[in-house]
Amino acid sequence: MDKILLEAVALTKAFDGNVVLSGVDFTVHAGEVHAVVGENGAGKSTLIKTLAGVHRPDRGKLLIEGVETTLRSPRDAIAEGVVVIHQELSLAPHLSAEENIFLGHFPHTRWGLVDRRRIREHTRELLKRLMIDIDPVRPVGELSIAQQQMVEIAKAISFQAKVLILDEPTAVLDESMVSTLFDLVAKLKTEGIGIVFISHHLEEIFRIADTVTVLRDGSRTGVSKVSAIDQDWLVARMIGREFPIHDVQVREFGSPALEVSHLGLRGTFDDVSFIARQGEIVGLAGLIGAGRTEVAKAVAGIIRPTSGTIKVFGKAVRLRSPNTAARFGISYVSEDRKTLGLLPNRSVLENATISNLARFRKLGFLNRSLERRYVKGAVKRLDVRMSGPDAEIRTLSGGNQQKVLIARALAVEPRILIFDEPTRGVDIGAKSEIYSLINELVRSGMCVILISSEMEEILRLADRIVVLRRGKVAVTLSRDEASENTIMRAAALAE
Amino acid sequence: MAALIILVIAASFLSDRFLTPANLLNILRQVAIVGILAIGMTFVILTRGIDLSVGSILGLSVVIYAGLLETHSMAIAIPLGLLVAMAAGLVNGLGVASAGIPPFIMTLGMLSFARGLAFLYTGGTPIPILNEAFYDLGNDYLFGIPIPSLILLAILAVSAIILSLTAFGRSVYAIGSNEEAARLSGVPVRLYKIIVYVIAGGVSGLAGLVYASQLSIGTPIAGQGYELDAIAAVVVGGTSLFGGKGSVGGTFLGTLIIGVLANILNLTGVDPYVQQLFKGALIVVAVYFMSRSGRS
């Protein structure tokens, strides 16, 4: 626990003049679990990437076992014993665990063939030492996510890794898998490996970490032994600043537009209930993987829930498809523009009208001038900047693409509109335009469901916030009760 | 388009027989069968699919026309032949859209299956067609234009209207551009994909009609390898194999480019084996230039 494996001194990194890491010190000892926490955009991933040789720091230095080192690439970092286990694993799914572990450095027999016997012996020994219980000859694609993670960790250890960086390893695991992973981490500690642990779940920090570093806006706002602090200490340092007052607009809410009761989808979310009224913005908050998008997709008719009911304007409905949902006045703007939104090589006009072509028909044929009129109006209302309605949508900026997809959702003339991360990857100007559009929509009586990982966004816009945690409603907060603190606690902490 | 004009100008210099009305109409008649197949193929490729079975479906329809015409009238033979062709397309569509079998595999299976049916139906021996009116369909002229060419132009016109002016046509492009996004936008993706394969099958039946009447014989090997000629015409015509981009007008131009090239090589007496080299090179070069201009 004494030997310093990795030491970063005053790391500073800027992208295009935007400082994302400023003067951060960071140390990993042998046999230590050092957690890094912070909100999205606090600089966690930049710190990791700098330690892993992806980015080179503008200022500051990196010492590995006391020797100043420059890492030019992830390869360099691995050669120095610093290995990152990413959330998306990089295993070959059709190969077995032992083949994956030795991929790229297979031992050979003297005939030049792969020495299968040596691979098998090494693997069994390694897995036994780490107390990992998996079948080394099964294709890893057939293993659970948690077991795959362990194969990846075993692989890193076989590379003589000294420092393992686990980037949100628990985000994709359920509770029992988390325990198994933590057992492995404990075992690695006794082997003298230094572990950097990233997680949004604060309770996990207290379960497993020895030391914690808090980042906010690219700076280190706290570092401590975990035994000396509590959750309040962490949350205070993560949030830090005073939050601007919400744009409270006193509005009259109408009758319930959407009533979701005891909605469940096996393995994804369970017993989710909430009501959203006309003119109201209901926020769905929670960590990534808490089930927000899945609940939204169930309401939008994209996935079918296995239990519970949905009522739209008082009437129980079964939403079999996005089409049925649209007929009941429900429209959805996806978080994943690229795979679920854009028709990339089609025009702005076609992208905007595809959701409701029936509306733009005359005598059975599409009428371009009707389409143009709609698109022109939407472009003006949303201030879409483009060369013209016939421009391919992929030539537009992210913000303008998003506005076109909002125009598409509005083309079905919805009464309930679901926005899933509406401002992800858009610039600040487009963001404020999207906010004012949402405000305008609810003033005219629309019911809006808003999913956002940005605290500021959800606090500013939502009249009521449903916080989900691991597929269940943790708490429902009114505008007065909601704060970064209360949401974060509900989303990330165990009771 | 520019490529076709250059080709036509070059052709008219290379042979003074090229720019005669008789020769031009001859080209239009010669390309009719592959041109018709290529239009059906365009629908499928626009959805990011492929249909390898159009040549075999053509062959199946040809033997059915011939077999039925032995004992029945055209009024029975033609609709039934078309129906069988559309049914084969329907099976393709169900396999692709409902069972989720990759289009390449599904239609490869149909390529073999439909051809096998054609052989079974005939017992391997061609069936002669003696019906005079049926013969005229493939060989006569209307308003001085060969009837097969008129059939091609009619199919082209109807297809162009469907693709550019109907919700179905617009959705075909959307499915090829991003199937998941189209589904989320409420496009009935499964149904439309099935329809696209039914169109390709039905259109193959029409091409079979032209084939059977031109040759007056129902041979089970009719249309072997035509699927590749059809794909070549689609691709040379600028439709992307990755879906969502292209038009039947482009496919028609692609058909003409390949047809004009074959014609001029014939007129100038180039060895038929060498002609194959030209055709192969043309396909690759055409697509190379198009992919470059499309990217920048």
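The values are calculated or read from the model by the stated rules, or taken from the named source; none is laboratory data. All figures in this text were calculated on a predicted structure; none of them were measured in a lab. Quick reminder, even Gly has a Cβ in these numbers, built from the backbone with ideal geometry, and neighbours come from all protein chains shown.
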Just to be sure before I move on: is residue B:90 free of Cβ contacts under 8 Å to residues at least 24 places away in the same chain and either over 23 Å from residue B:133 (Cβ atoms) or part of a helix (DSSP H, G or I) (or both) in the structure I sent? no
Spot the failing condition for residue A:343; the list is (1) more than 24 Å from residue A:276 (Cβ to Cβ); (2) surrounded by 20 or more Cβ atoms within 10 Å (Cβ to Cβ); (3) out of contact with any Ser or Thr (no Cβ under 7 Å at 6 or more places or on another chain); (4) facing chain B (nearest Cβ under 10 Å), and only one is missed. (3)
In the range A:474-490, anything crowded, with 22+ Cβ neighbours inside 10 Å and either under 22 Å from residue A:331 (Cβ atoms) or more than 18 Å from the chain's Cα centre (by Cα) (or both) is listed as A:482
From the list B:186, B:202, B:238, B:223, which residue is in contact with a helix residue (DSSP H, G or I) (Cβ under 9 Å, 6 or more places away or on another chain), part of a helix (DSSP H, G or I) and either surrounded by fewer than 23 Cβ atoms within 10 Å (Cβ to Cβ) or of a type outside the set (D, E, K, R) (or both)? B:202
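Filter the range A:333-376 down to the residues that are polar (S, T, N, Q) and in contact with a Phe, Trp or Tyr (Cβ under 7 Å, 6 or more places away or on another chain), then identify the one that is nearest to residue A:388 (Cα to Cα).
A:353
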Going through the range A:30-48 one residue at a time, which ones are assigned to a strand (DSSP E or B) and more than 13 Å from residue A:213 (Cβ to Cβ)? none
Exactly one of A:384, A:375 is crowded, with 22+ Cβ neighbours inside 10 Å, of a type outside the set (Phe, Trp, Tyr), farther than 21 Å from residue B:163 by Cβ and more than 7 Å from every other protein chain (Cβ to nearest Cβ), and that residue is A:384
Just to be sure before I move on: is residue A:367 more than 30 Å from the chain's Cα centre (by Cα) and among the polar types (S, T, N, Q) in the structure I sent? yes
Going by the structure shown, is residue B:62 under 19 Å from the mean Cα position of the chain (by Cα) and touching a residue at least 24 places away in the same chain (Cβ under 8 Å)? yes
Within the range A:286-294, identify whether any single residue is closer than 30 Å to residue B:172 by Cβ, in contact (Cβ under 8 Å) with a residue 12 or more places away in the chain and either within 14 Å of chain B (Cβ to nearest Cβ) or of a type outside the set (Asp, Glu) (or both), and answer yes or no. yes
Do we find that residue A:394 is within 14 Å of chain B (Cβ to nearest Cβ), within 31 Å of the chain's Cα centre (by Cα), surrounded by 20 or more Cβ atoms within 10 Å (Cβ to Cβ) and basic (Lys, Arg) in this structure? no
Scan the range A:66-118 for residues that are touching a residue at least 24 places away in the same chain (Cβ under 8 Å) and outside any loop (DSSP other than H, G, I, E, B) and jot them down. A:77, A:78, A:82, A:83, A:84, A:85, A:96, A:97, A:98, A:100, A:101, A:102
For the structure I just gave you, tell me whether residue A:78 is surrounded by 15 or more Cβ atoms within 10 Å (Cβ to Cβ) and in contact with a helix residue (DSSP H, G or I) (Cβ under 6 Å, 6 or more places away or on another chain). no
Those residues of the range B:241-296 which are exposed (fewer than 11 other Cβ atoms within 10 Å of the Cβ), not in a helix (DSSP H, G or I) and not acidic (Asp, Glu), in sequence order: B:269, B:296
Go through the range B:3-28 residue by residue and tally those that are more than 20 Å from residue B:153 (Cα to Cα) and touching a Pro at 6+ places or on another chain (Cβ under 9 Å). 0
Provide a single number: the residues in the range B:130-189 that are within 14 Å of chain A (Cβ to nearest Cβ) and more than 22 Å from the chain's Cα centre (by Cα). 15
Within the range A:346-369, considering residues that are free of Cβ contacts under 8 Å to residues at least 12 places away in the same chain and polar (S, T, N, Q), the one farthest from the other protein chains (Cβ to nearest Cβ): A:369
Would you mind stating whether residue A:226 is at pLDDT 90 or above, closer than 30 Å to residue A:151 by Cα and buried (at least 21 other Cβ atoms within 10 Å of the Cβ)? no
Working only within the range A:314-340, note down all residues that are polar (S, T, N, Q), crowded, with 22+ Cβ neighbours inside 10 Å and at the interface with chain B (Cβ under 9 Å from one of its Cβ atoms). A:334
Against the definition (at pLDDT below 95 and either within 28 Å of residue B:161 (Cβ to Cβ) or touching a helix residue (DSSP H, G or I) at 6+ places or on another chain (Cβ under 7 Å) (or both)), how does residue B:38 come out, yes or no? no
